[in-house]
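In what follows, a structure is listed as structure tokens, so that the remarks can point back to it.
The values are calculated or read from the model by the stated rules, or taken from the named source; none is laboratory data. From a predicted model like this one, the values you see are computed outputs, not experimental measurements. When we count neighbours, we look across all protein chains shown, and the Cβ atoms used for this are built from the backbone with ideal geometry, even at glycine. The area values use the complete protein model at the heavy-atom level, side chains included, leaving out ligands, DNA and RNA. Shrake-Rupley method; radii C 1.70, N 1.55, O 1.52, S 1.80 Å.
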Amino acid sequence: MDQFINLTLNGLSQGAVYAALALSLVIIYQATRVVNFAQPALALISVYIAYTVSQATGSYWLGFGAALLTGLVLGAATERLLIRPVHGRSPLNAIIITLGLLLVLQGLAGMIWSNEPHSFAYPMDYRGRFSPSDWFALGSVGAAALMLFALYRFTPLGLRMRAAAFRPEAARLSGVRVGLMLTAGWAIASVIGALAGMLAAPPFIFPNVLDEVFIFAIAAAVVGGLENPFGALAGGVLLGLGMSYVSGYAGPELTTLAALAILVVVLSIRPDGLFSRPTARKV
Amino acid sequence: MAEQPILTVEGLTAAYGAVTALNKVNMTVPRGGICAVLGANGAGKTTLLRTLSGLKRAEAGRVLLEGADITRIPAERHVHHGLVHVPEGGGVIVELTVEENLRLGGLWRAGRRERAARMAEVVELFPPLRERLSRPAATLSGGERQMLAIGRALMAGPRVLLLDEPSLGLAPLVTRQIMDMLLQLRADRDLTVVLVEQNARSALSITDHGFVLNQGEVVMEDSSRRLLADDRMRHAYLGF
């Protein structure tokens, strides 16, 4: 029983990280129909900036703030400078651009901060069965999700963003600056991505540190349904829990296989993901 | 001197690639007028509205709203100038609730109180919407959707309303209701309406003036009454 509780708690805190990164993918996918493969790289740069700021100031939390701010700026800049020029063409163009950006930024990170791992601090004490750091992971992702929900649901900005994502042309006719809303969406998504990076990186940071987490985040997003933010959260938690149980009861070498199994099972039963309503595609 | 027309279109030209969709279209619409734009499929009616509202780029020509040149301003700025376009099918955002759709229309105004007052007015105009405010717009019937689309446009406080086939797919009775409502809006708040219609007979019955488009050109314009009476015209372009 004790082991079950342990595994559940671990799964939850790990799942929170997947959920956050999955959420950042879904926000962008909803608005631009692009899976942003550069997301881990944007998060990576944010985390490296946090590392540098923390080193310079000695404060973890200053670094944390710097990471979120970097995410915001990088996300907005990516949309405005790289994605906007290919807007309205095949989504494949944008996807290739994000893939390219991933490689460039990871290479750049290696050049600036070296490919050697640096030790990277946990936000709080990480020892013990469900440590303060684990609580922080769960709490911060939960808070981010709630804030996002409130933003979308209750603010004029959120209403504009949803309108722009669902029906760009109708939104424009109502006076919504659709381009600006897309930029805002990318910025917000990248902030959440940076949060996921901060949670996923410790104890070491190196240019490929987020690759594995990102693979699981994509799986989580697909499991939940790429169109549904709640689905991304649920998918992340489900994947975290499933992998944790498999690792604990069947052996840690099987966790990756477990993720694949979850993905295959869910998609064979619900091809659009757990929480997406299957929709007819417009031709 | 006659009063300045609220909407003036001069030599408006638009194209899809090498195909000219609008060719030097001239129109004037007086304030408070309701005019019909008629013509067969592919005559350029929808393109005309899309070019007026900035969704489509004009190759040449000018659009003047009360004398101000709005030809090159982006589509999302047109609401600020009082020109609101209800596209074909209404453009209701089915993923949002009825209330969110309406709120969206008034968002560009700064004043919270003004927006609330508008909302009350629009809901007053369309009683069926009042009972469905918190429902997803996807659950509305065709007629209700068209009401919602027009309601959202009214939230923006337009001086000129461009309507693209509001009767499309609606029962004659519902079409009649919507047309009557347009007449009432014109009477109540001096609204100017440009109405694109496939259904020429019903459009001419409520409008004062009609423009007939054929292959992107205005081939005839006259008072609606005379267009209705002109047999040759009706057979050639309007199909009834």
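Enumerate the residues in the stretch A:226-250 having an amide nitrogen under 19 Å from the point lying 7 Å beyond the Cα of A:ARG33 toward its Cβ.
Answer for the stretch A:226-250: A:226-229.
In a GNM of chain B with a 10 Å cut-off on Cα contacts, which of B:LEU213, B:LEU185, B:LEU49 has the highest mean-square fluctuation?
Checking each option, the largest mean-square fluctuation is seen for B:LEU185.
Within 10 Å of each Cβ in B:96-108, how many Cβ atoms from other chains are there, averaged over the peptide?
4
Return the value, in Å² to the nearest 100, of accessible area buried between chains A and B (probe 1.4 Å, both sides summed).
Using a 1.4 Å probe, the pair buries roughly 1900 Å².
Keeping all protein chains in position, work out how much accessible area B:LYS45 exposes to a 1.4 Å probe, and write it in Å² to the nearest 10.
10 Å²
List the DSSP H helices in chain B whose Cα atoms stretch 15 Å or more along the helix axis and whose mean Kyte-Doolittle hydropathy is at least -1.0.
Those that clear 15 Å and a mean of -1.0 are B:112-125, B:142-155, B:172-189.
Mean-square fluctuation check for chain B, GNM, Cα pairs under 10 Å: which of B:VAL160, B:VAL193, B:VAL123 is largest?
B:VAL123
Per-residue mean of other chain beta-carbon atoms within 10 angstrom of the beta-carbon, peptide A:159-170?
5
For the stretch A:76-122 and the stretch B:196-240, what is the separation of their C-alpha centers, rounded to whole Å?
About 56 Å separates the Cα centre of the stretch A:76-122 from the one of the stretch B:196-240.
Please list, by residue number, everything in the stretch A:176-214 whose backbone N is under 14 Å from a paramagnetic label point 7 Å out along Cα→Cβ of A:ASN115.
Correct set: A:206-209.
Top mean-square fluctuation among A:ALA165, A:ALA150, A:ALA22, Gaussian network model of chain A, C-alpha springs under 10 Å?
Judging by the Gaussian network model, the answer is A:ALA150.
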